[in-house]
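Asks: Questions regarding the structure given below will be posed in turn.
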DNA sequence: TCTATACGGTCTACATAAGAGACCATATCC
DNA sequence: GGATATGGTCTCTTATGTAGACCGTATAGA
């Protein structure tokens, strides 16, 4: 079994890999249980909106214009259920609903920020790699 | 790279939010273009496998037992296209194929590690929040 | 008064994506 | 000869995501 063959200053990621065959099921594997949520396509965008401060439903919808209300509701419910977002209903007439990050949600912003910084700095590389890949696929003249 | 550590003092995340109405489309918004990939359900798991060192197709399949070959192939192709993973075919008799992280892929491991550390440390909170949420939903008698 | 808009959603119908599992060719082992 | 392993592809079915209509209340404007 190949160990980590180089000591290239990586964080010890193997700790996040479930022991083979045992804990890869959701509910026990934090990677799946948490990371899958961030990949919800909308979750990260909404968290980013809320990182600016508490917002209301319609404001979130404006901040992420191409999300449907259904998906916005659904994503917010999941975030609320996971304890990342707090939902407060003000009994005004039309009732207004405020969403804001909880302490847990707020604490996610730091590691998320690191990932976004990576995404921003490497976005050019990734896009270039795609172009290169697609061109060699179309014209494998190498 | 922002190294903000305080919970109430966030890194400037607003920079990752596209100017309203302009750049939320994929291809211009790094958040979508990159983060959506990590949410591919399998991508992170496979990257974690490869963080241990180069692996072959079947080894990856064993490391993530419940992925189908079809999804494994597809995910690896996407990672290769994005320049995060390099695919090398050795012309042995049943040809063997090795996958390994590129420098770009390797560079993702650090911010990803931060996110996984967060996921691990908050997993208990999140699961507890879910239980609490579900119980109040089922029995809203307060 | 009649209509339009905004609030915060829900509901239904449809399109896309994921998943299971058969299948392929080659080669070695028993 | 049959099983197993290599690295996939292909089709079929099911789950998920999306668009958009709809709902009731309330305010503003014509």
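Any read-out appearing in this document is the output of simple, stated calculations on the displayed coordinates, not a laboratory observation. Values in this document were obtained by computation on a predicted structure and should not be read as measured data. Note that we place each Cβ from the backbone using ideal geometry, even for glycine, and neighbour counts take in every protein chain shown.
Asks: For peptide B:86-93, what's the mean number of Cβ atoms from other chains within 10 Å of each residue's Cβ?
Replies: Mean shielding by partner chains, rounded to a whole number: 0.
Asks: Same structure again: Please arrange A:81, B:62 by counting, for each residue, the other beta carbons lying within 10 Å of its beta carbon, fewest first. Intermediate results must be reported in sequence, preceding the final value.
Replies: Numbers: A:81 17, B:62 13.
Taking fewest neighbouring Cβ atoms as first place, the list is B:62, A:81.
Asks: If I take R0 = 25 Å and measure r between the Cβ atoms of residue B:77 and residue A:70 in this structure, what FRET efficiency does the formula 1/(1 + (r/R0)^6) give, to the nearest 0.05? Display every interim value, and only then the final one.
Replies: Values: r = 31 Å, r/R0 = 1.25.
Step by step, r from the Cβ atoms, then E = 0.20.
Asks: For the residues A:106, B:45, B:38, what sequence is obtained by ranking on other C-beta atoms within 10 Å, fewest first?
Replies: Listed from fewest to most nearby Cβ atoms, that is A:106, B:38, B:45.
Asks: Cut-off 15 Å, label point 7 angstrom out along Cα-to-Cβ of residue A:87: give me the residues of the stretch B:104-135 whose amide nitrogen falls inside.
Replies: Taking a point 7 Å out along Cα→Cβ of residue A:87, the residues of the stretch B:104-135 whose backbone N falls under 15 Å are B:130-135.
Asks: So how far apart, in nm, are the two label points at residue A:96 and residue B:58 if each is 7 Å from Cα heading toward Cβ?
Replies: Calculated label separation equals 6.3 nm.
Asks: Can you tell me, using C-alpha contacts under 8 Å and at least 6 residues apart, the relative contact order of the stretch B:25-138 as a whole percent?
Replies: For the stretch B:25-138, the relative contact order is 21 percent.
Asks: So how do B:55, B:41 line up by other beta-carbon neighbours within 10 Å, fewest first? Don't jump to the answer; show the numbers that get you there.
Replies: Working: B:55 19, B:41 14.
Starting with the residue having the fewest Cβ neighbours, the order is B:41, B:55.
Asks: What's the average, rounded to a whole number, of partner chain beta-carbon atoms within 10 Å of each residue's beta-carbon in B:41-54?
Replies: 4
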